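Trainee: Here's a structure for you.
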Ligand SMILES: [Zn+2]
């Protein structure tokens, strides 16, 4: 007993004295294993923000083997004794914090890092992770695959919502946006396509290295490093945007007439939504029959086959809504999908197709038992529903009801203000509602409450 008492005494007094010496700094603590997203509790991590990812990858499509190095430049947002990265599957072969070897352990998708020294709040630090293995996709709550998805000539790489962690260690939540450099080496004859601007391409000893730079902030799920045998086309638009298209030759004939319209689609969307947020654009058209979707990978959407014009319009609209203005919580996914779907309706309306009202009416005619009314788009209920029909279709219907309520002038001012005020940042549904009320001068609480949050088919607006 006396021994225990003495130990208690020591433990209690020494930290108090230390804290007094340090000017009452908070005790160091571990960064949390997630950022508190209700649908994906382990997505992202607490205690730091990432400013930049430098990713160096070597991929062999023949064996499916990947060798990687990630240099993650971060800043501590608390006194940090320990922090997590999201990383799933591949083997870590080395890990340093500021060039000093750090302890690490794996716990499911959490790579738990204990630096040699406690990190001060505000301290900048570099984490270098080397790794290798055979990457594969994750299965999402809705059963679809995302992440590193091997194809017959490379890999289709698309990370919404979880898959970034299948190919690089990340702070994998859209609330942490960062710039990126990619250096990707593949066998000669293959092309590796990432986000942003192509800085250079060099072939030596039977391998080609592609260097890409994404300067504007990007959420990890929007990163790509798609590899395949592609036909490549590069040009600069009238607005100075550098376009890089990579197309699987088997999809080229079907893709060509649609991809040709990309510059005019971006110009049209710029008129509606405000300036295009990035200096680069383009398309990656792969042949990936087991994927079943396209993704708005930043600056350069990736398509699992030749896209339709509507799909190109949709993924392009996401460059404003989703990529530049990113989610704060996956629950607000209608801010991405409702907006991109409404862009399709607007495109049709202004290019000789159905009006948005006709699109709305056709959907509204569906009976109350239809899947469209299964859950309200502002509250999908779980990660399994975030890509469900209501998020897209009823999300777009919500915007149409808003447009009718405030008039075209105010509506398009709201869209432009949303893109401008949250450019390269994040937004929430509550912020969008406040913005719509501010711009229109109307109380819109009931409208949004009914269309975004009330279960069942709403009454005719
Ligand atoms: Zn979408």
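Trainee: Could you list, in sequence order, the residues of region 134-144 that are assigned to a loop (DSSP other than H, G, I, E, B) and under 12 Å from residue 88 (Cα atoms)?
Mentor: Within region 134-144, 134, 135, 136 meet the criteria.
Trainee: Residue 381: more than 16 Å from the ligand (Cβ to nearest atom), over 21 Å from residue 273 (Cβ atoms) and without any contact (Cβ under 8 Å) to a residue 12 or more places away in the chain, yes or no?
Mentor: Yes.
Trainee: Continuing with the same structure: Need the failing condition index for residue 368 against (1) more than 13 Å from the ligand (Cβ to nearest atom); (2) closer than 15 Å to residue 451 by Cα; (3) in a helix (DSSP H, G or I), just the number.
Mentor: (3)
Residue-wise test of (1) out of contact with any helix residue (DSSP H, G or I) (no Cβ under 8 Å at 6 or more places or on another chain); (2) closer than 30 Å to residue 268 by Cβ.
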position: 370; (1), (2): yes, no
position: 387; (1), (2): no, yes
position: 408; (1), (2): yes, yes
position: 445; (1), (2): no, no
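Trainee: Right, another one. Would it be correct to say that residue 433 is farther than 16 Å from residue 333 by Cα, buried (at least 16 other Cβ atoms within 10 Å of the Cβ) and either within 16 Å of the ligand (Cβ to nearest atom) or in the same structural domain as residue 341 (by TED's automatic domain parsing) (or both)? Steps first, please.
Mentor: On the way: farther than 16 Å from residue 333 by Cα: no; buried (at least 16 other Cβ atoms within 10 Å of the Cβ): yes; either within 16 Å of the ligand (Cβ to nearest atom) or in the same structural domain as residue 341 (by TED's automatic domain parsing) (or both): yes.
In short, no.
Trainee: So is residue 393 more than 20 Å from the chain's Cα centre (by Cα) and more than 16 Å from the ligand (Cβ to nearest atom) or not?
Mentor: Spelling it out, it is not the case that residue 393 is more than 20 Å from the chain's Cα centre (by Cα) and more than 16 Å from the ligand (Cβ to nearest atom).
This table checks each residue for (1) modelled with pLDDT of 95 or more; (2) within 16 Å of the ligand (Cβ to nearest atom); (3) touching a helix residue (DSSP H, G or I) at 6+ places or on another chain (Cβ under 6 Å).
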{"position": "240", "(1), (2), (3)": "yes, no, no"}
{"position": "258", "(1), (2), (3)": "yes, no, yes"}
{"position": "264", "(1), (2), (3)": "yes, no, no"}
{"position": "272", "(1), (2), (3)": "yes, no, no"}
{"position": "282", "(1), (2), (3)": "yes, no, no"}
{"position": "289", "(1), (2), (3)": "yes, no, no"}
{"position": "324", "(1), (2), (3)": "yes, yes, no"}
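Trainee: For region 145-262, which strands (runs of 3 or more DSSP E) that fit wholly inside it have 2 or more residues that are in contact (Cβ under 8 Å) with a residue 24 or more places away in the chain and farther than 28 Å from residue 72 by Cβ?
Mentor: Details: elements: 145-151, 154-158, 177-187, 191-193, 197-204, 207-219, 226-228, 231-236, 242-247.
It comes to 231-236, 242-247.
Trainee: Let me ask something additional. For region 101-114, state whether one or more residues are under 19 Å from residue 58 (Cβ atoms) and touching a strand residue (DSSP E or B) at 6+ places or on another chain (Cβ under 8 Å).
Mentor: Among the residues of region 101-114, not one is under 19 Å from residue 58 (Cβ atoms) and touching a strand residue (DSSP E or B) at 6+ places or on another chain (Cβ under 8 Å), which makes the answer no.
The values are calculated or read from the model by the stated rules, or taken from the named source; none is laboratory data. A quick note: this is a predicted structure, and the numbers were derived from the prediction, not measured. FYI the Cβ positions are ideal-geometry reconstructions off the backbone, even for glycines, and counts take in every protein chain you see.
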